[in-house]
Structure formats: C-alpha cells, structure tokens
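Here the structure is laid out as structure tokens; the discussion comes afterwards.
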Amino acid sequence: MLYRLIYASEAAGDLTPDSVQALLDNARRRNRLRDISGMLVFDSRYFLQVIEGDRQVLSDLYGKLVQDTRHKRLLLIGFEPIVHRTFSDWSMGFAAADAQRRRLYLRHGLSARFEPHSLNATSALALLTELSQGAELEAEN
Ligand SMILES: Cc1cc2nc3c(=O)[nH]c(=O)nc-3n(C[C@H](O)[C@H](O)[C@H](O)COP(=O)(O)O)c2cc1C
C-alpha cells in the first residue's frame, strides 16, 4: 500500500556540501532500488524530508533514519496512505532552504526562518511541493 512519510530533523554537526552530496547520492541509489520517491530540504541546520513508497519499506527506512547519527531530534510529521505520488520524478529531489525564500516560509505558516519542526503535515507537504517546483531544484542524474 502506497504511503507518504514526512519528518523534520536537525543536523547533528557541521555537514559540508560534499557530505550532503554524498548523502544524496547514496539515498538516490538506495531509493531507486526500493521504489521510493521524495524530496529533501536542508538549510545547513534543519532537514525536512518526504518519502513515498510501500508502507513497510518506508517504516524500515524511518527506522534507519532514526539511528543515523548525522541528524537528531527527528520529528514524525505525517505518515498516511496516498493514492498518487507527488514526487514521482525524484528518487530524492533536493532544495536548499535559504533566506531568500522568506516569503515562501511565511506563506506556509513558518516564521521568516526555516524551522520545520513547527509545521503540520498539510503545511509541510505544501512547502515541499512548492520547493520541488522551484527553479533551483538540483537535477538528478
Ligand atoms: C537527512 C538524511 C536523509 C536520508 N535520506 C535517505 C533516503 O532517502 N534513503 C535512504 O536509503 N537513506 C537515507 N538516509 C541514510 C539512512 O539514514 C541510512 O544511512 C541508509 O539507509 C543506510 O543504512 P544502513 O547502512 O544501516 O543500511 C538519509 C540520512 C539522512 C541523515
């Protein structure tokens, strides 16, 4: 059964652009094998991620994510059945959250800063969807 899981977390230490790229490359490779699609947003401190796929497969991945020492303070924002994927184009899309997107955060119920732990599932999905359509979405190869 197709599900969508959304969570927020906080980077455990300084993550260099190279280590974020390595994380993404690995996630994309693994997600392709498990028919997982999704989107990751990072602002150098907080992560917001959505993953779509089989319910058990998502639950297993979340178990790994919780144990991953690269981030902490995981907050499960949503886990619910869906009919269609929203992020089917990406095994893991990526967008950098930056100050230039202040208006976008305000529109989705955040303060002017990217603080994903305060989002509810509806706002988080709307924000992720809008960011996935953003011009700065990095191409997957
Ligand atoms: C912010 C963040 C996002 C991640 N996203 C994914 C992902 O989408 N898919 C994935 O397989 N692993 C992802 N990982 C890596 C997993 O936590 C884990 O390292 C990976 O599944 C391999 O686990 P294993 O070595 O225990 O098998 C992510 C890690 C972090 C810190």
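A short reminder: the numbers here are calculations on the coordinates, not readings from a lab. Computed from a predicted model, the values in this text were never measured in an experiment. Neighbour counts run over all protein chains shown; Cβ positions are idealised from the backbone, glycine included.
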field: Under Karplus coefficients 6.51, -1.76 and 1.60, residue-wise ³J(HN,Hα) of segment 20-27 in Hz, glycine/proline x
entry: 5, 5, 5, 4, 5, 4, 5, 4
message: Applying a 10 Å radius around every beta-carbon, put 85-98, 62-75 in order of their mean neighbour count, most first.
response: 85-98, 62-75
query: When Lys and Arg each count +1 and Asp and Glu each count -1, what net charge do the other residues less than 13 Å away from ILE82, Cβ to Cβ, add up to?
result: 0
statement: So, with points 7 Å from each Cα along the Cβ direction, the ALA126-GLN21 label distance in nm works out to 3.5
query: Residue farthest toward the positive end of the dipole of the chain, with Cβ of Lys/Arg at +1 and Asp/Glu at -1: which of ALA121, ILE82, PHE42?
result: ALA121
task: Please provide three numbers in whole Å: the alpha-carbon extents of the chain along the principal axes, with the largest listed first.
output: 36, 32, 29
- request: Any chance you could run the full-extension gain for LEU76 through LEU2? It's 0.36 nm times the residue separation minus the Cα-Cα distance, nm to one decimal.
  value: 24.9 nm
field: Förster-model FRET efficiency, 25 Å R0, LYS64 and ASP98, C-beta, rounded to 0.05
entry: 0.35
field: Normalised contact order of the chain, rounded percent, pairs of Cα under 8 Å and 6 or more residues apart
entry: 33
statement: Long-range amide H partners of LEU2, meaning residues 5 or more apart or on another chain whose placed amide H is closer than 5 Å, are ILE82
query: Taking R0 as 30 Å, what's the FRET efficiency between ARG113 and HIS84 from their Cβ-Cβ distance, rounded to 0.05?
result: 0.45
